[in-house]
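The values are calculated or read from the model by the stated rules, or taken from the named source; none is laboratory data. This structure is a prediction, so every number in the text was calculated from the model and none was measured. Cβ sites come from the backbone with ideal geometry, for glycine too, and all protein chains shown count toward neighbours. Areas reflect the complete protein model, heavy atoms only, side chains present, ligands, DNA and RNA absent. Shrake-Rupley method; radii C 1.70, N 1.55, O 1.52, S 1.80 Å.
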Amino acid sequence: MKRGGLVLFSIMGLLLAWGVLEFPGLGDPSSPASSHLSPYYIQHSLTDTAVPNMVTAVLADYRGYDTMFETIVIFTAAIVCIFLLRTFKPPASRYRMYRHMATGITLRIEKGGKTPDDSEHFERIDSVWVPHDLVIRTTCRMVIPFIQVFALYVIAHGHHSPGGGFQGGVILGASVVLFAVCFDLRRTIRYLGEKMCALLCALGVLIYAGTGILCMGLQSNFLDYSALAGLFGTDPVMARSHGILIVEIGVGMAVMAVMVMLYYNLASAGRHDEGL
Amino acid sequence: MNRFDKDSSKSAKRNRRLDPGAFVLTLCITSVFWLFFSGRFDLFHLLLGAVSCMMVSVVTHRLLFPKGVRARLGLTWFRVAGYMPWLFKQILQANLHVLYLTFHPSMMRLINPKTIEFKSRLTSDVARTTLANSITLTPGTITVYSDVLGVFVVHCIDDRSGQDLPGEMEERIGRVFDE
Amino acid sequence: MDLIITLMLVFGLVFFLGGSLGIIRFPDFYSRLHPAGKLDTGGLVITMTAFAVYTVQPLTMASVITSIKILLIIFFVFITSPTAIHSIVDAGVRAGLEPWEKKGGTGT
Amino acid sequence: MNDVFLYTGVCISMFMLMPAFRSIKGPTVLDRLVGVNAIGSKTIVLLIVIGLLYERVDMFVDIALAYAMLNFIAVLAASRYFQKRKGLYQDVSAAGRGTSPSHRKEP
């Protein structure tokens, strides 16, 4: 079986390599890919949209419809993850673990016992025992705000630097995951609940699609941001630049919420009680 | 659903209250970082920055300053700056030492890994974390474990490296964080 | 100036070489973390400082900002690298990996 | 100066092979994690080198910073994962000898 797989794999690889031989050379100016649309983008993207970064202009303006459905794809991924994994009636655990903060002693309280309040002195911990990790916790505490500022910078400066909604959203979601890793999942869910995540997720897609529909309402094509010039009080070129920013914010929001939701469901096997 | 199945949310409510001092300080720090990141000083980008920093500060000021802002915080930064050169010297020494071990042909004869244990007198979280990270960066030692009572377990690569712990490093960090 | 930058780069590369070699040569998991934690961080700090100095040379606003960003990377790695190493060690201890000890030596 | 940066990049790429060897060979999962961590810290430098070669450092420095952050988060999450699911590699480590070192006295 294993050998058969290897043979099949090699044959497929050879076929692919043979197919690659027919490709035009790297950066060939006469290849079909760079002879129809690319010259237009290269020559006009700055004058059309006032965005120095051509990739962002193509992604969010010229091919904005495509990107909208990419956002919807990840939104669907989050929904599917909830449907497959989420269990709303978790089997009740028989005991709980608490840690006394001052001495590090752990308590195990059987079901029916009196549980201490989640206060300054006691902290509920996962039943798979986690050591009290001061170093990781303090470092993450120090680092998380700066990661978030950087993520928002990446979202806001998609026009001038590599980045944009997807990248910034991933970094923002990663900062929430970092919080969940160094503290615990319950505390994270208390701050950023599941419903909030779902709301942000849907809101991101709504912002994107809503911008498009707003453009239609202003007697223009779907996602033709230059129709928004009247709303912003600027000329159509700058309106396209601002429209890209709004769309990027929507994408960032959706991606962040989807990342966090996937993490919640995968880390706790859908029970949302004890994570990594 | 009885009480056992519900999380008590008293501390969550307490943590959501806004702490003005910590908030303002976090806002200042994040704004400086935003300016470094952004490098664009026109009105539009500054406005975006203000909104972003405000959002981040509202969410995370409890993380940066969990116990609120104390009066002598400003001094600590300068003392940290004073601690850095000494740390860099130690790190250079550490690197040369490990480099020597790595390139030595009979390395297996030279090294003698072992774990040692000591109790630190530092109390605050930040001071202990600084100590642990400094130990990890300096000669032949890695912090394996540190617990609530201040016991540090350190893994040393050879006989020489773990001898003078906690010693001078702990003293200096104690001076930095005023303990 | 170029000479200083080149020297720093060579120095940093020696550190990187040591770190990579150490990861292969050392006998067990715990001692492998010593080169991985120290030499990589040291090499990164030195090489990145060289890049920051090189970037700042035509002294304009943009180059200063870029150089500050490189310094921020150094700062970030300087804080987080020991923490990452510590978390890996912690996982190893919790998994029950035995530290390698010299046979017939003084022992613990 | 461009040549120096080019050779630096080539050297760093060469050095990456050694941690890659460690991360392929093992013997435990955590050894692989050490290898991956070492590769990550070299990649940060390599990104800046590429930026210098293309003379667009202002772009690549953002990528390097994002990479540093994600690398840290990934290593931390992976080590925490293996810390909790320790059954994953018990057969490889220490083969049935005492499972807890002496300084782990807590429950």
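Tabulated data
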item: P(r) histogram, all alpha-carbon pairs of the protein assembly as shown included - 10 Å bins from 0, percent; result: 3, 13, 22, 26, 20, 11, 4, 0, 0
item: The stretch C:53-97, Cα convex hull volume normalised per residue, Å³; result: 55 Å³
item: Protein accessible surface hidden between C and A, which excludes ligands and nucleic acids, total in Å², probe 1.4 Å; result: 700 Å²
item: Bins of 10 Å from zero: percent of alpha-carbon pairs in chain C; result: 14, 33, 28, 16, 8, 2, 0
item: Centre separation in Å (Cα based) which lies between the stretch A:168-207 and the stretch D:10-80; result: 26 Å
item: Equivalent-ellipsoid semi-axes of the stretch A:137-186, from the Cα gyration tensor, Å, largest first; result: 24, 11, 5
item: Across A:89/B:67; B:89/B:114; B:114/D:84, pairs whose alpha-carbon gap is larger than 29 Å; result: A:89/B:67
item: Cα centre as origin, Lys/Arg/Asp/Glu Cβ charges: the protein assembly as shown dipole, Debye; result: 2580 debye
item: Mean-position separation - Cα centroids, the stretch C:25-53 and the stretch A:1-80, in angstrom; result: 37 Å
item: Loop sites in the stretch B:82-170: trypsin sites (Lys or Arg not before Pro), DSSP, at most 16 other Cβ within 10 Å; result: B:121, B:160
item: Zero-based 10 Å bins, Cα pair distances in chain A, whole percents; result: 6, 21, 22, 21, 17, 9, 4, 0
item: Accessible surface of the stretch B:73-176, 1.4 Å probe, proportion on carbon and sulfur as whole %; result: 63 percent
item: Length gained when the stretch residue A:83-residue A:8 is fully extended (0.36 nm per residue, less Cα-Cα span); result: 23.5 nm
item: Drop in accessible area of at least 50 Å² in the complex versus isolated chain, residues of the stretch C:76-95, 1.4 Å probe; result: C:76, C:78, C:82, C:83, C:86, C:87, C:88, C:90, C:91, C:93, C:94, C:95
item: Computed lengthening from residue A:269 to residue A:20, 0.36 nm per intervening residue step minus Cα-Cα distance; result: 85.5 nm
item: Cysteines, the protein assembly as shown, no other Cys beta-carbon under 4.7 Å; result: A:81, A:197, A:201, A:215, B:28, B:53, B:156, D:11
item: Listed residues A:35, A:241, A:175, most fluctuating in chain A (Gaussian network, C-alpha, under 10 Å); result: A:35
item: Cα→Cβ-extended label distance, 7 Å offset, between residue A:95 and residue A:199, nm; result: 3.9 nm
item: Prolate/oblate/rounded call for the stretch B:73-176, Cα gyration tensor, a/c under 1.5 rounded; result: oblate
item: For chain A: accessible area per residue (Å², 1.4 Å); result: 50 Å²
item: Neighbour net charge for residue B:99 - beta-carbon separation under 13 angstrom, K R +1, D E -1; result: +1
item: Heavy-atom accessible surface that D and C bury in contact, both chains counted, 1.4 Å, Å² to 100; result: 4300 Å²
item: Formal net charge of residues neighbouring residue B:86 (Cβ-Cβ distance under 9 Å; K, R +1; D, E -1); result: +1
item: Along chain A, longest interval not containing exposed GluC sites (Glu not before Pro), exposed being DSSP loop plus at most 10 other Cβ atoms within 10 Å; result: A:121-276
item: 3J(HN,Hα) from dihedral phi, the stretch D:39-54, Karplus parametrisation 6.51/-1.76/1.60, rounded to Hz, x for glycine, proline; result: 4, x, 5, 6, 5, 4, 5, 4, 4, 5, 4, 4, x, 5, 5, 8
item: For the pair B and C, total buried accessible area rounded to nearest 100 Å², probe 1.4 Å; result: 3500 Å²
item: Shape category assigned to the stretch D:2-84 from the gyration tensor of Cα positions, a/c cut at 1.5; result: oblate
